[in-house]
Amino acid sequence: MFRVDRRIRSARNPGDPLRTAYCFTPDRAFFPPAVRAIASLIEAEPDARQDIFLVCEPEDVTPGFDRLPRRLRERITLLTLDFTRCDADLAGQGRFSRAVFRRLFLAEILPSPIERIVSLDSDMLIVRPGLSRLADFDLGDRPLAAAYDMIFLMDFKGDALARRFQRSRRCLGLALDTPYFNAGLMAIDRASWRAGKLTERVTSALRREPKRYPFMEQDALNATLRGGFAPLSPRFNFMGDFFLLDLERTIEPIVLHFVNAPKPWEFAAWRGEGRFAEAYCDWFAASPWPDWAKAPAPPPWRRTRPALTRLRREFSTRLSLFLDQASFLDK
């Protein structure tokens, strides 16, 4: 069974319903970045009373977690579980460990009063207020809300990578106009998820034909739902090529998602904008994990935004037109 650290309960008023959980599910390699993401969530909305869960296996907890500043540590419920009883026969691929499957089981393992589950990847930073709105959106009869993935949006670029992603979606049995979402941030309606038996259906598909789903649980969720999700705008999942298109000031994202490798905390390899690496470096330097703050001198990252080339400008124009016309829960 699982073990729950219940000190977060002291941050809630007696009798308040525990309705929404903000959940991170890191493995050991992503545990400190997950805590950094949680710190950014709290910094963005310091007066919100979120219930924040770190859900992982006991060996994933990086030594030093108990030395976090008290004001941060007491906001986090650490839930440790032997996931082998859940994810038997599910295996990671490439740089992704089996931890990617943990979000599929949140509706089964979280405390029963929780009705809305906001699942977040550990390679995210929350940079503006607004994440708490996910607790109140009406999803209708749909089990989750999520933002479109670049696997879908790259169609507006039309290059070789876009064609590769189109082939991948066809292999999932999806028509090209069927929206495809990124599973890094999902606002899950727990009752609808369980009524639709999504955990059972998705894990069964992954066990039956793992090679069919190169993006693993994300592919299997999209193949199962076939566009039956509530779309969020890129404000809730600003990812991938968005960083190259000079759209950050227009979209004003709430959540930055560093989906590609290297990550901005991999300082020797990071070639993106320095402001993102520094957001991790500065935080880790004052954390229980100062070794994570070691960066080469001089650092290899750039100080300016990436150049807006002609191809990027054309992609940005077409993508912006689509986003302006699309309907989103938060629009």
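The values are calculated or read from the model by the stated rules, or taken from the named source; none is laboratory data. Nothing here was measured: the structure is a model prediction, and the numbers come from that model. Cβ atoms come from the backbone with ideal geometry, glycine included; neighbour counts cover every protein chain shown. Areas reflect the complete protein model, heavy atoms only, side chains present, ligands, DNA and RNA absent. Shrake-Rupley method; radii C 1.70, N 1.55, O 1.52, S 1.80 Å.
Using a 1.4 angstrom probe on the protein heavy atoms only, line up Ile76, Ile251 by accessible area, largest first.
Correct descending sequence by accessible area is Ile251, Ile76.
By the gyration tensor of its Cα atoms, with a ≥ b ≥ c the square roots of the eigenvalues, what is the shape of region 27-148: rounded for a/c under 1.5, prolate for a/b over b/c, or oblate?
The shape class here is oblate.
In the chain, if every C-alpha pair distance is counted and binned at 10 Å from zero, what percent goes to each bin?
5, 25, 36, 25, 8, 0
Where Lys and Arg each count +1 and Asp and Glu each count -1, what net charge lies around Ile42 among other residues with Cβ under 14 Å from its Cβ?
Summing Lys/Arg as +1 and Asp/Glu as -1 gives +2.
Give, as a single signed number, the net charge of other residues whose beta carbon lies under 15 Å from the beta carbon of Asp155, with Lys and Arg counted +1 and Asp and Glu -1.
+2
Beyond 16 Å, how much of the Cα-Cα pair distribution for region 235-279 remains, as a whole percent?
Tail of the P(r) past 16 Å holds 35 percent of the pairs.
With a cap of 15 neighbouring Cβ atoms within 10 Å, and only residues DSSP puts in a loop, list the GluC sites (Glu not before Pro) found in region 236-331.
Here the sparse-neighbourhood loop sites are Glu266.
Using a 1.4 Å probe and counting only protein heavy atoms, arrange Thr309, Thr250 so the residue with the most accessible area comes first.
Most to least solvent-accessible, the answer reads Thr250, Thr309.
If we count every other residue with Cβ under 10 angstrom of Phe96's Cβ, Lys/Arg +1 and Asp/Glu -1, where does the sum land?
0
Peptides 30-37, 94-101: what's the order by average Cβ count within 10 Å, highest mean first?
Output ranking for 30-37, 94-101: 30-37, 94-101.
Given 4 °C and 1.567 mPa s, how large is the Stokes-Einstein diffusion coefficient of region 121-243 in µm²/s, with Rh as the Kirkwood radius over Cα pairs?
Here the translational diffusion coefficient equals 85 µm²/s.
With +1 on each Lys and Arg Cβ and -1 on each Asp and Glu Cβ, how big is the dipole of region 109-180 about its Cα centre, in debye rounded to the nearest 20?
Dipole magnitude for region 109-180 comes out near 340 debye.
Could you calculate the contour length gain from Arg318 to Arg201, that is, 0.36 nm times the residue separation minus the distance between their Cα atoms, to one decimal place in nm?
38.5 nm
Could you give the distance between the Cα centres of region 130-207 and region 224-275, to the whole Å?
16 Å
Helix-only estimate, please: 222 nm mean residue ellipticity of the chain, summing -39500 (n - 2.57) across DSSP H runs of length 4 or more and dividing by its residues, to the nearest 500.
-8000 deg cm²/dmol
Multiplying the sequence separation of Arg194 and Glu248 by 0.36 nm and subtracting their Cα-Cα distance, what value in nm do you get?
In short, 15.9 nm is gained.
In vacuum, with every alpha carbon of region 174-331 counted as one equal point scatterer, what does the Debye formula give for log10 I(q)/I(0) at q = 0.16, 0.18 Å⁻¹? Two decimals, please.
-1.09, -1.18
Just how large is the dipole of the chain about the Cα centre, in debye to the nearest 20, putting +1 at every Lys and Arg Cβ and -1 at every Asp and Glu Cβ?
420 debye
Karplus couplings for region 200-213 from phi (6.51 cos²θ - 1.76 cosθ + 1.60, θ = phi - 60°), rounded to Hz, Gly and Pro as x?
Karplus-based 3J(HN,Hα) across region 200-213 equals 5, 5, 6, 5, 4, 5, 5, 6, 6, 9, x, 6, 6, 10 Hz.
Given contacts defined as C-alpha pairs under 8 Å and at least six residues apart, what's the relative contact order of the chain, whole-number percent?
Relative contact order of the chain: 18 percent.
Report Trp292's accessible area, 1.4 Å probe, all protein chains in place, as a number in Å² to the nearest 10.
Rounded to the nearest 10, that gives 70 Å².
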